[in-house]
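Some notes on the structure that comes next.
The values are calculated or read from the model by the stated rules, or taken from the named source; none is laboratory data. In this text, all values refer to a predicted model and were calculated from it rather than measured experimentally. Here the Cβ is made from the backbone with ideal geometry for all residues, glycine too, and neighbour counts use every protein chain on show.
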Amino acid sequence: MWLAALAWAADPAPGWAPSVEASGVVEAYRAWASGRGRPAPAAELVCRPFAEATVLCFTRDDGKKRVYATAADRQTAATLEAAAAGEAPAALACLEDVAVEGSTRRYAACAAGTGAEHRPLLHPAALAARFGGSVVVGIPARGVLVAWAPGDLEFDTVVGVGVRRMYESLPDPVSPLLYTWNGLGWVTWGEVRLAPTATPSESVPAPPGP
């Protein structure tokens, strides 16, 4: 059953969580915030390159909605990432096993809605160890993470198709690509392409602003 519906300051503000986003989000946010008359620092997201077609940004709960870290928060991406990573066991706790009909194998997914669904990606060694030494991940939408141990072509295809369908159907799509850790960074492992019955959204919705 498929998952459906995700060095300016001495100390970082608490509560920041990592959020992998489509690479166009920085420009989209700048246009969104500038159109509302916000000053330049508040229109610039604090992000860093993550993997092909994606960037790593940061969000926190302001009591009403999740807001994104901007240059106005006077934090660097490195500082926020270090604060957001936390301990590996806590970061990986959100991953839940999901059964696939007709298979004895399972993949893991996190879509808890807490804003910390992408924290496991900051602990690649621990994440790979959870799956026996090798892991493939999908980041189909904001706040959604899928991970599994590769090696079984049929299972890889089934889960890859599921990631693609989530990318095409869920709000705030991030990437249809599948990634693996190569010891230095997250790199593209593959991509499942479906028959052209539907066209995935190529737009990048502006994330909610503060």
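In region 150-182, of all residues being within 26 Å of Ala28 (Cβ to Cβ) and of a type in the set (Ser, Thr, Tyr), the one that is surrounded by the most Cβ atoms within 10 Å (Cβ to Cβ) corresponds to Tyr179.
The single condition from (1) closer than 27 Å to Val67 by Cα; (2) crowded, with 22+ Cβ neighbours inside 10 Å; (3) not aliphatic (A, V, I, L, M) that Gly185 fails is (2).
For Ala88, indicate whether it is within 10 Å of the chain's Cα centre (by Cα) and farther than 23 Å from Thr188 by Cβ. Taking the combined requirement at face value, the residue does not satisfy it. Of the set (1) modelled with pLDDT of 95 or more; (2) closer than 18 Å to Ala33 by Cα, all apply to Val55 but (2).
Contact map, region 118-141: first residue surrounded by 23 or more Cβ atoms within 10 Å (Cβ to Cβ), second residue assigned to a loop (DSSP other than H, G, I, E, B) and acidic (Asp, Glu), Cβ cut-off under 8 Å, separation 6 or more or different chains; pairs are Ala141/Asp172.
Evaluation of Val161 against the conditions (1) out of contact with any helix residue (DSSP H, G or I) (no Cβ under 8 Å at 6 or more places or on another chain); (2) assigned to a loop (DSSP other than H, G, I, E, B) shows that the sole unmet condition is (2).
Residue-by-condition table, conditions (1) modelled with pLDDT under 95; (2) more than 13 Å from the chain's Cα centre (by Cα):
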| position | (1), (2) |
| --- | --- |
| Ala5 | yes, yes |
| Ala9 | yes, yes |
| Ala13 | yes, yes |
| Ser19 | no, no |
| Ala22 | no, no |
| Arg30 | no, yes |
| Ala40 | no, yes |
| Glu44 | no, yes |
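Thr157: over 19 Å from Val98 (Cβ atoms) and either among the hydroxyl-bearing types (Ser, Thr, Tyr) or under 15 Å from the mean Cα position of the chain (by Cα) (or both), yes or no? Spelling it out, it is not the case that Thr157 is over 19 Å from Val98 (Cβ atoms) and either among the hydroxyl-bearing types (Ser, Thr, Tyr) or under 15 Å from the mean Cα position of the chain (by Cα) (or both).
Scanning region 97-145 for residues that are farther than 18 Å from Glu52 by Cα and part of a strand (DSSP E or B) returns Asp97, Val98, Ala99, Arg106, Tyr107, Ala108, Ala109, Cys110. Among the residues making up region 110-124, those that are of a type outside the set (A, V, I, L, M, F, W, C) and either in contact with a Pro (Cβ under 7 Å, 6 or more places away or on another chain) or modelled with pLDDT of 90 or more (or both) are Glu117, His118, Arg119, Pro120, His123, Pro124.
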